[in-house]
1. Considering the options F217, T167, V109, tell which one lies farthest towards the positive end of the dipole of the chain, charges being +1 on Lys and Arg and -1 on Asp and Glu at the Cβ, about the Cα centre.
2. Under a Cβ-Cβ cut-off of 10 Å, what is the net charge of the residues other than L195 that fall near it, where Lys and Arg count +1 and Asp and Glu count -1?
3. Over the stretch 29-139, what is the relative contact order in percent, taking alpha-carbon pairs closer than 8 angstrom and at least six residues apart?
4. May I ask which residue of V139, L177, W128 lies farthest towards the positive end of the charge dipole of the stretch 91-222, with charges of +1 (Lys, Arg) and -1 (Asp, Glu) on Cβ and the Cα centre as origin?
5. Taking the Cα atoms only, what angle lies between the long axis of helix 166-179 and the longest principal axis of the chain, rounded to 10 degrees?
6. Can you give the angle from 0 to 90° between the axis of helix 18-35 and the longest principal axis of the chain, with both taken from C-alpha atoms, to the nearest 10?
7. Which whole-number value in Å³ per residue fits the convex hull of the alpha carbons of the chain?
8. I need the calculated FRET efficiency for the pair E180 and K43, taking r as the beta carbon distance and R₀ as 30 Å, to the nearest 0.05.
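Every number in this text was worked out from the coordinates using simple rules, so none of it is lab data. Keep in mind that what you see is a predicted model, and the values were worked out from it rather than measured. Note: ideal-geometry Cβ built from the backbone for every residue, glycine included; neighbour counts use all protein chains shown.
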Amino acid sequence: VPLEETSLPLFFGWFLLPGIQDKVRCTSMDFLKTLDTLEAFKKHLPDFTVEAEKEVDLEQYFQANGVLHCTTKFCDYGKAEGAKEYADKPAVKELYGSAFELSLSALFVTPRTVGARVSLSGDQLTLWPADAEEVVSVVPAAATTLPAGSRAHITLGCAEGVEPQQTGFDLLEILALQQEGQEGELVEEMELGSLAYYGKGRWLLSLREPISAQACFSSLYG
Ligand code: 2AM
């Protein structure tokens, strides 16, 4: 009996190949290392952490775990809504095990998560579930105004006690602000790109050169 007939995975997604995982981790570390030394970051530190700390070491603050990936559909072994329908989609079956080039266009940091925004191509959007942005209770603007694929991201780290799915919500929140016309306060031109501040401890670094990341579309049973 094929495995897919007995159970569904924890999630489907694109899993970064080992070499590019190292590169993305290093880029993210470099960014965090620089960010927490910037005067602008120190100025907004009270937005970032509730504790009356003078400094924060961002590399320590976020915990990374597991293989870097961009979740398409969280199935929770079949318990999540739409899991079976997703697994049965022709595109999912056809492209399972195929290689893709993901484009990482931005890095973002909030008091809860650090992640990379993934800008999906038309091809890649065929694997994107229609309901991914329907998180009205968490980010009200997301479902109505943001295009499909907006939530696509790679979680690079979470603060203690924060669930990984928070990374997607944090990204949607920033994109919803942009959609409303809030450009963010341009803080600094960094080597990697331009850094903008969106209030409440939310930082977005738009990469000058998007990172092209080889990834395999697959699933994790965990
Ligand atoms: P992430 O995609 O933001 O990193 C296993 O927990 C993986 O599934 C993680 O990568 C996690 O978050 C994602 N995940 C967990 N719960 C989820 C949910 N309810 N919706 C979407 N993705 C979820």
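1. It is F217.
2. Working: positive: none; negative: E185, E188, E189.
Counting the neighbours of L195, the net charge comes to -3.
3. Over the stretch 29-139, the number comes to 19 percent.
4. W128
5. Tilt of helix 166-179: around 70 degrees.
6. Helix 18-35 sits roughly 20 degrees off the main axis of the chain.
7. Cα-based convex hull of the chain, divided per residue, equals 125 Å³.
8. My answer for the efficiency is 0.80.
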